[in-house]
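The values are calculated or read from the model by the stated rules, or taken from the named source; none is laboratory data. This is a predicted model, so every value here is computed, not measured. Quick reminder, even Gly has a Cβ in these numbers, built from the backbone with ideal geometry, and neighbours come from all protein chains shown.
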Amino acid sequence: MDWITWLLPPDLAPAQTLLLLAASFVTATMTAVLGVGGGVLLLAVIASILPPVAIIPVHGLVQAGANGHRTLLTRQHVDRRLFTDFLLGATLGAALASLVVVQLPVAAIQLSIALFVLYLTWGPRLQSKHLTGWRFRLAAALTTLTSMFVGASGPLVAAFAKQASDDRHRRIANFSACMSVQHGFKLLVFGWLGFAFADWLGLVLMMIASGLAGTWIGLHLLAKMSNRLFDRGFKLVLTLLAVRLLYSALTSLAG
């Protein structure tokens, strides 16, 4: 067991490590089954254990592994046109994030995300022209920029994935592919800004391995669901996440 301890950050207790591994497994399963929610839940667990400076970079590295693996397993369902537009927009968002030196108002960002997620989830369906071209690239840029500061853009990207397709497999694939890009750029930006990823690599690799198992189980459960049942669960989770963001934003603003 000494080699495992050697891989972990010195201030991390064994119980905390087990909690993080369990959270990675559960949240990966959740995202594979419901299409959204796991990343935000994992972020909450990480934020309760790790120091502030490591929260978003470590979360991004773990999520890059989880989403990359899920994209690989569902690659035949990825909408390549949508993915290309997202990649172009995310590149712009990451470039802007690398130039931002002040902390954006988190409460305002959370409030904006929550309201937009609710609109995309329960409002009228967007026309196809809004899911391609410059409009979608702009959305990709803004969500990527946002993720660098609050790490909570997953529900917004998932809401766009909902608008793009009614098929549960395509939603999972498109969401996973877009989030892989977003988290990949997050790693590049934080690496360029000097975050010491090597200090956390052992923990991250263990969490990714745990997440891979959760993804495998979750995708097998997804295959047994109907699109109708998936859509109901998807909307419910998105709504709960939006309400949570609203509560956090309003509590912060009131304080």
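Quick notes on this structure:
- Tally, over the range 71-90, of residues that are more than 18 Å from LEU156 (Cβ to Cβ), out of contact with any Lys or Arg (no Cβ under 8 Å at 6 or more places or on another chain) and either aromatic (Phe, Trp, Tyr) or assigned to a helix (DSSP H, G or I) (or both): 8
Yes or no, residue by residue, for (1) under 19 Å from VAL40 (Cβ atoms); (2) outside any helix (DSSP H, G or I):
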{"residue": "ARG171", "(1), (2)": "yes, no"}
{"residue": "LEU188", "(1), (2)": "no, no"}
{"residue": "GLY194", "(1), (2)": "no, yes"}
{"residue": "LEU203", "(1), (2)": "no, no"}
{"residue": "MET207", "(1), (2)": "yes, no"}
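- Taken over the range 185-211, the criterion of being of a type in the set (Gly, Ala, Ser), under 30 Å from ASP79 (Cα atoms) and surrounded by fewer than 18 Cβ atoms within 10 Å (Cβ to Cβ) is satisfied by GLY191, ALA209.
Per-residue answers, yes or no, for (1) free of Cβ contacts under 8 Å to residues at least 60 places away in the same chain; (2) buried (at least 21 other Cβ atoms within 10 Å of the Cβ); (3) out of contact with any strand residue (DSSP E or B) (no Cβ under 9 Å at 6 or more places or on another chain); (4) closer than 21 Å to PHE190 by Cβ:
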| residue | (1), (2), (3), (4) |
| --- | --- |
| PRO9 | no, no, yes, yes |
| LEU20 | no, yes, yes, yes |
| GLY37 | no, yes, yes, no |
| PRO52 | yes, no, yes, yes |
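- Leading residue by the ranking (farthest from THR29 (Cα to Cα)) among those in the range 234-245 that are modelled with pLDDT under 85 and of a type outside the set (Lys, Arg): LEU245
- Put simply, of VAL33, VAL78 the only residue that is closer than 14 Å to ILE172 by Cβ, among the β-branched types (Val, Ile, Thr) and in contact with a Gly (Cβ under 7 Å, 6 or more places away or on another chain) is VAL33.
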